[in-house]
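These notes concern the structure reproduced below.
The values are calculated or read from the model by the stated rules, or taken from the named source; none is laboratory data. On a predicted model such as this, the values are computed, not experimentally measured, just so you know. FYI the Cβ positions are ideal-geometry reconstructions off the backbone, even for glycines, and counts take in every protein chain you see. Each accessible area value is taken on the protein alone, full model and side chains, heavy atoms only, with ligands, DNA and RNA left out. Shrake-Rupley method; radii C 1.70, N 1.55, O 1.52, S 1.80 Å.
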Amino acid sequence: PNSAISKPDLEESAHVFETLMKEKKPYLNKKLTLNQLSEQAAISPNKLSQLFSIHYQSSFYEFVNDYRLNHLELLLENPKTNKYTISALAEMSGFNSKATFYKVFKAKHSVSPSQYLKDNAGDKYGKGDFNDLEPIKPENG
């Protein structure tokens, strides 16, 4: 039997899932698994896998890392975060390995994070909407 989910069901699941990603930001958990995400979204792991492959044409890790990268880009544009290293910001964005972060970043931007900052600091720094970001707690109090 074909266990593929219907298009309307897929779109409904995508809506529920995207709302969860935006509001609860589960991607900030560095140890996030497909099963944890499926539990939080109340979508079966099988259905969630289909959602990634059919609706988003992406894998779980690609999808989650894309959210992490978008989060990091907002942090890079926020003047309040300029005292943090790129590695620290990557960690705050849910990346659990520097190697994965660099690979994902370079795949999207075709340059290293430090080169990206040099190239974009002038026109991007301090712009953006940070209302949906959690406040960043200073290291010592």
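Potential lengthening of the chain between Ser58 and Glu23 amounts to 10.5 nm, from the contour at 0.36 nm per residue minus the alpha-carbon distance. Computed from the Cβ-Cβ distance with R0 of 22 Å, the FRET efficiency linking Ala4 to Asn35 stands at 0.60.
Can you give the convex hull volume per residue for the Cα atoms of segment 5-82, as a whole number of Å³? Walk me through the intermediate numbers first.
On the way: hull volume 6.9 nm³, N = 78.
So the per-residue hull volume is 89 Å³.
Could you pull out the trypsin sites (Lys or Arg not before Pro) across segment 3-73 that fall in loop regions by DSSP (anything but H, G, I, E, B) with no more than 15 other Cβ atoms inside 10 Å? In loop regions of segment 3-73 (DSSP not H, G, I, E or B), the sparsely surrounded trypsin sites (Lys or Arg not before Pro) are Lys30, Lys31. Listed values for segment 77-85 are Karplus-derived 3J(HN,Hα) couplings in whole Hz (6.51 cos²θ - 1.76 cosθ + 1.60, θ = phi - 60°), namely 8, 8, x, 5, 9, 5, 7, 8, 6, and x replaces Gly and Pro. Our summary gives segment 1-101 a relative contact order of 28 percent, counting only alpha carbon pairs under 8 angstrom and 6 or more residues apart. Taking every protein chain into account, the 1.4 Å probe leaves Glu62 with about 110 Å² of accessible area, to the nearest ten.
I want the local charge near Asn65. Using Cβ-Cβ distances under 11 Å, sum +1 for each Lys or Arg and -1 for each Asp or Glu among the other residues.
+1
Bridging of Lys47 to lysines at a Cα separation below 24 Å is possible for Lys7, Lys22, Lys24, Lys25, Lys30, Lys31, once same-chain residues fewer than 8 apart are set aside.
Think of each Lys and Arg Cβ as +1 and each Asp and Glu Cβ as -1; about the Cα centre, that makes the dipole of segment 11-50 roughly 300 debye.
Annotation: amide H-H contacts under 5 Å for Asn78 (H modelled 1.01 Å from N, sequence separation of 5 or more, or interchain): Gly126.
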